[in-house]
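Since the structure comes first, as structure tokens, the remarks are kept for the end.
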Amino acid sequence: MGTQTSEQSVIEGVKKQLYIGGEWRDAAEGGTLGVEDPSTGEDLCQVADAQPEDALAALDAAAEAQKDWARHPPRERGEILRRAFEKIMQRMDELAVLMTLEMGKPIADSKAEITYAAEFFRWYSEQAVRIGGSYSISPDGAQRIITMKQPVGPCLMITPWNFPMAMGTRKIGPAIAAGCTMVMKPAKQTPLSMLALAEILEESGLPAGVLNVVVGSSSSDVVAPIISDPRLRKLTFTGSTPVGRGLMEQASENLLRVSMELGGNAPFLIFDDADVDAAINGAQVAKMRNVGEACTAANRFHVASSVADQFAEKLAEKLGSMKIGRGTEEGTQVGPLIDEDQRGKVQELVEDAVGKGAKALVGAQKMDGQGYFYQPTVLNDVPKEADLRYEEIFGPVAPVFSFDSEEEAIAAANDTEYGLVAYVYTRDFDRAIRVIERLQTGMVGLNQGMVSNAAAPFGGIKQSGFGREGGTEGIEEYLETKYVAANLPAEAPF
Ligand code: NAP
């Protein structure tokens, strides 16, 4: 009862309107859309359902605020981020309940995401005052070459449901630090964490119009008029590869700067010299964080044949003992998937693999009852032909493949259109470097099952996209370089 009341008060405490030009307002036609709890399938609440005219109003506000915001002192931009960081950390408990209710992940996972999300604000509060430029003498000595960094301008940000806050702060943090204004469109399935974040930024002193948030039931209709508007200068998208591709096409009309954080199909390589127990712990993190609904989730385990069965059995024991339940319940380690479509897709991939000869060591079933729960699953002896070797699973399913040589392991790892992240377990340093240099991914976890870190450049290659979020690189996505050719008089003091 106590928990229910606090869940209810957390939901009641969030503003459910659009945030445009520093005001909370209803959608143009007064419509709303329901936000569902994936552990029950029931609506938690209604939020304003933006129409294209609302999105344009949000761009109007962003465009109007851009000039002043670009001139806002960097130290103050940083301090707004720093205050927001503190507030997020102070409100951790209620924000975690909110995130778990709308997305389903266990409270511990929500807290981990919120900490990660807040770190982008802390990191970019420090970067805001370190935006540099350069000065050099041209090779013929006749001019001075000066470069300055300036904000790109109004940005459209589109984020997915799987990390409702961190995928936003990874964009908002550097944009604020760089002096860009924004229209943010979170996924309609998980808008509440972003609305709560907007309120925190408002309380932290972010001027009206710098961040505008629109949530809509028809994302394509809502963003189309903004993408084609010449006042918009950048599109940054995190989500699936097909949607990213379509948005890039739309962005080409307006020649927008584009960043794409897209899907993944991460290989997790375990060599015969690896510490197998450490690899199992890493595998659990890489597979089960966020119930497997992460672009960085290990999608396939390629294990040296001498240790493959041992690895698969131990992993099955570990995943099979995880507690499944509603994310807000004490001790839950595995929450529901986001919706029935996602669960159906996971089930189909498992059935396909088993039908082609894979052996289910644990799980391989959806759970009866309400909500979209799926059992943690380990499949051994998975044949190459199984669809899940090539498709993003986005669920708690670990397929184990075996290899006989380093060469075979590298070829298997790279045998995908995606290139976001790979994990490598080996105690042989020479081998680690040899393998990592040949992996076609933007990131590698070496003897660890997680790479996410606000201070590091996150991003992919191939069909996983381009651009980097986090680290010193992340702010460059929001800055233009202006070059000045300065024709100095001959008597310059040299
Ligand atoms: P999605 O279907 O591509 O949706 C992502 C976002 O795009 C949502 O806000 C969605 O809004 C919006 N959207 C969908 N269709 C659109 C369209 N035609 N025009 C404009 N906006 C559109 O992806 P998802 O299912 O939410 O997220 C899962 C995917 O994201 C996975 O592939 C995962 O790997 C990827 N991901 C990548 C990273 C990374 O950093 N590389 C991080 C996290 C997730 P609505 O949902 O409201 O329609």
**OP:** Could you work out the Rg to Rh ratio of region 19-120, with Rh taken as the Kirkwood radius (inverse of the mean 1/r over all Cα pairs)?
**Re:** 1.05
Subject >> In Hz, Karplus ³J(HN,Hα) per residue of region 347-363 (6.51, -1.76, 1.60; θ = phi - 60°; x = Gly, Pro) >> reply: 4, 4, 5, 5, 4, 4, 5, 5, x, 8, x, 5, 10, 7, 8, 7, x
Original post:
In cubic angstrom, how much convex hull volume per residue do the alpha carbon atoms of the chain span?
Top reply: 157
Original post:
Under 5 Å between amide H atoms, partner at least 5 residues away or on a different chain: which partners does SER259 have, H built in plane at 1.01 Å?
Top reply: LEU235, THR236, PHE237
**OP:** Please give the length that would be gained between ARG434 and ASP341 if that part of the chain were fully extended, namely 0.36 nm times their separation in residues minus their C-alpha to C-alpha distance (nm, one decimal).
**Re:** 29.5 nm
**OP:** Would you work out the charge dipole size for region 266-446 about its Cα centre, treating the Cβ of every Lys and Arg as +1 and the Cβ of every Asp and Glu as -1, and quote it to the nearest 20 debye?
**Re:** 380
**OP:** Could you check the simple spin-label distance between ILE461 and ASP43, using points 7 Å along Cα→Cβ, in nm with one decimal?
**Re:** 4.8
**OP:** Would you mind working out the accessible area per residue for region 266-446, using a 1.4 Å probe, and quoting it in Å²?
**Re:** 39
**OP:** Enter the Cα centre distance for the pair region 369-436 and region 40-76, rounded to the nearest angstrom.
**Re:** 39
Original post:
So for the pair VAL285, ARG71, with labels modelled 7 Å out along Cα→Cβ, what separation do we get in nm?
Top reply: 4.7
Original post:
Using the beta-carbon distance between GLU329 and THR115 and R0 = 25 Å, what value does 1/(1 + (r/R0)^6) give for FRET efficiency, to the nearest 0.05?
Top reply: 0.75
Subject >> Degrees, to the nearest 10: 192-203 long Cα axis against longest axis of the chain >> reply: 30
**OP:** Mind checking the full-extension length gain between GLU126 and ALA278? Use 0.36 nm per residue of separation minus the Cα-Cα distance, one decimal, nm.
**Re:** 51.3 nm
Original post:
Summing -39500 (n - 2.57) over the DSSP H runs of n ≥ 4 in the chain and dividing by its residue number, what mean residue ellipticity at 222 nm do you reach, to the nearest 500 deg cm²/dmol?
Top reply: -12500 deg cm²/dmol
Original post:
Of all DSSP beta bridges in the chain, what percent run antiparallel (nearest 5)?
Top reply: 45
Original post:
Stretch LEU446-TYR135 to full length: gain in nm at 0.36 nm per residue minus the Cα-Cα span?
Top reply: 108.1 nm
Subject >> Distant-in-sequence amide H partners of LEU361 (H built 1.01 Å from N, under 5 Å) >> reply: VAL378, LEU379, ASN380
Original post:
Across every pair of different alpha-carbon atoms, what Kirkwood hydrodynamic radius in Å does region 266-446 reach?
Top reply: 16.2
Original post:
Which angle between 0 and 90 degrees, to the nearest 10, do you get for helix 276-288 versus the longest principal axis of the chain when only C-alpha atoms count?
Top reply: 60
Original post:
Separation between the SER252 and ASP309 pseudo-spin-labels, each 7 Å from Cα along Cα→Cβ, expressed in nm?
Top reply: 5.2
Subject >> Portion, in percent, of the accessible area of region 266-446 that falls on carbon or sulfur, probe 1.4 Å >> reply: 44
Original post:
Does anyone have the angle between helix 429-438 and the longest principal axis of the chain? Alpha-carbon axes, 0 to 90°, nearest 10?
Top reply: 70
**OP:** Could you pull out every residue, at least 5 positions away or on a different chain, whose amide H is within less than 5 Å of the one on GLY445? Hs are placed 1.01 Å off N in the peptide plane, and Pro or chain starts have none.
**Re:** ALA422, TYR423, VAL424
**OP:** Could you work out the relative contact order of region 266-446, using alpha carbon pairs under 8 angstrom and six or more residues apart, expressed as a whole percent?
**Re:** 29
**OP:** Compute the accessible area per residue over region 1-140, keeping the other protein chains in place, probe 1.4 Å, unit Å².
**Re:** 47
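The values are calculated or read from the model by the stated rules, or taken from the named source; none is laboratory data. Predicted, not measured: the structure shown is a model, and the values here were computed from it. Don't worry about glycine lacking a Cβ; one is built from the backbone with ideal geometry, like all the others, and counts go over all protein chains shown. What goes into the accessible areas is simple: the full protein's heavy atoms, side chains included, and nothing from ligands, DNA or RNA. Shrake-Rupley method; radii C 1.70, N 1.55, O 1.52, S 1.80 Å.
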